[in-house]
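Each reported figure results from applying straightforward, stated rules to the coordinates on display, with no laboratory input. Everything numeric in this text was worked out from a predicted model, so none of it was measured. FYI the Cβ positions are ideal-geometry reconstructions off the backbone, even for glycines, and counts take in every protein chain you see.
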Amino acid sequence: MEFEYTPKVKEMQARLLAFFDKHIYPNEKRFYAEIQANRQAGNAWVPTKVIEELKPLAREAGLWNLFLPHSKRAPEGLSNLEYAPLCEIMGRVPWSAEVFNCAAPDTGNMETLERYASESLKDRWLEPLLRGEIRSAFLMTEPAVASSDATNISCSIERNGDEYVINGTKWWSSGAGDPRCQVYIVMGKTNPDAGRHEQQSMIVVPADTPGITIKRFLPVFGYDDAPHGHMEIELENVRVPAANILLGEGRGFEIAQGRLGPGRIHHCMRSIGVAERALELLCQRALKRVAFGKPVAAQGVTRERIAEARCDIEMARLLTLKAAYMMDTVGNKVAKAEIAMIKVVAPNMALKVIDWAIQVHGAAGVSDDFPLASWWAHQRTLRLADGPDEVHRNAIAKLELAKHMNINPDDISMPVTRGF
């Protein structure tokens, strides 16, 4: 693979960085001030005005729907390799991805609808999502089972005439707290007696369908992530048209494999972006603070950590770009080892760099005066979200062992898991 970004990508990087300098960084404090004001007024689940104001500017700048390749409905979409360095920039400010309509879980849901939905479902749901008018949620993880193994999912999707009836409880349904969230993609079982990977299906469910109850929001290390939110949702005799099934019964595991690969790339590139920013804050703080008669930056342990952080960031980036390149050229199935590796490497690397930045900031590092504590909490969840480290490491080990045994690597499936 070429290590040099194409002229097209370099130009887009420059345009995106300029947009950050002009519109994103100057509005960081305003974003959190708006959320705090909404919370104090008694309703944290109110979309921020600043993001809605910036969306039209991002569209005008040609920085919109960059994540979705090969779609006639989003011709601006880039390949995984082209999008990766731009996604990294977005990771520098965690809320910024929504400004460009590149925020999870909408990105994964839009890709799922584009690949697997009927034209009528695309017209009804994909189009307003692509315009950034509504938001969505993905309902897969369940509280009663270990969702690190997606075959455990117990939510039932039963055919009843021209409808499907859905019963079950989901949690960690990210984005479902947003009042603009109008549609869910739900994974459940249509046939518990089928083969292990043919029991599951995915279905499109309007968020206002009778029988849906948002039971509670789930804070992450004390952060409510408003107005996005992670919700526990009960579905009781929820009826939707049979035409809302994606691809057909028993195809849910297959769809999940297609959905989660690009999502993992996005998470990892954003992790690299936040690690870069944490290292910047670390260096700036270390140069300003004096301890034991000299700047913290002159202390040997600080320099060791700065050097190691730089090495680790570079290695994580190269591995992630390799995975993106392989996804574009040979497909997700062949790239499954690289996808699993980056999902282990990138969040752990980011956590380490953020932790060192917190240490250099001292007590200020765990306060709200700096974003480091919030970044650390988010990165810690990524060691579970889209699959815990242990599941990915197991898949990597099986692929490695298959090289020395009479096993076809194609028979080893990519993990379908959201963790928690």
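Extending 7 Å from the Cα toward the beta-carbon at both E280 and M405 defines two label points whose distance is 4.6 nm.
Residues Y164, Y116, ranked from the fewest to the most other C-beta atoms within 10 Å, line up as Y116, Y164. Pairs to check: K22/K322; K8/K49; K189/K403; K8/K55. Give those whose C-alpha atoms are more than 25 Å from each other in this structure. Among K22/K322; K8/K49; K189/K403; K8/K55, the Cα-Cα distance tops 25 Å for K22/K322; K8/K49; K189/K403. Other residues whose C-beta falls under 12 angstrom from the C-beta of R277 contribute a net charge of -2, scoring Lys and Arg +1 and Asp and Glu -1. Label positions at D369 and S79, each projected 7 Å from the Cα along the C-beta direction, are separated by 4.7 nm. When you filter the trypsin sites (Lys or Arg not before Pro) in segment 78-122 for DSSP loop state and at most 13 other Cβ atoms inside 10 Å of their Cβ, nothing is left.
Between E127 and R393, the FRET efficiency from the beta-carbon distance, with R0 = 35 Å, is close to 0.30. Under 5 Å from the amide H of A74 lies no amide H of any residue 5 or more positions distant or on a separate chain, with H modelled from the backbone and absent for Pro and chain starts.
Taking every full run of DSSP H in the chain, the ones that stretch at least 30 Å from end to end by Cα along their long axis and average -1.0 or higher on the Kyte-Doolittle scale are 252-288, 300-329, 336-361.
Only Lys, Arg, Asp and Glu carry charge here, each on its Cβ (+1 for the first two, -1 for the last two); on that basis the chain has a dipole of about 1020 debye about its Cα centre.
Extension gain for L57 to K29 (0.36 nm times residue separation, less C-alpha to C-alpha distance): 8.2 nm. Per-peptide packing, taken as the mean over residues of other Cβ atoms within 10 Å, places 68-75, 194-201 in the sequence 194-201, 68-75 from highest down. Rg ratio for the chain: its Cα radius of gyration over 2.2 N^0.38 Å, N being its residue count, equals 0.99. How far is it, in nm, from the label point at T6 to the one at T213 when both lie 7 Å from their Cα along the line to the Cβ? It is 5.2 nm.
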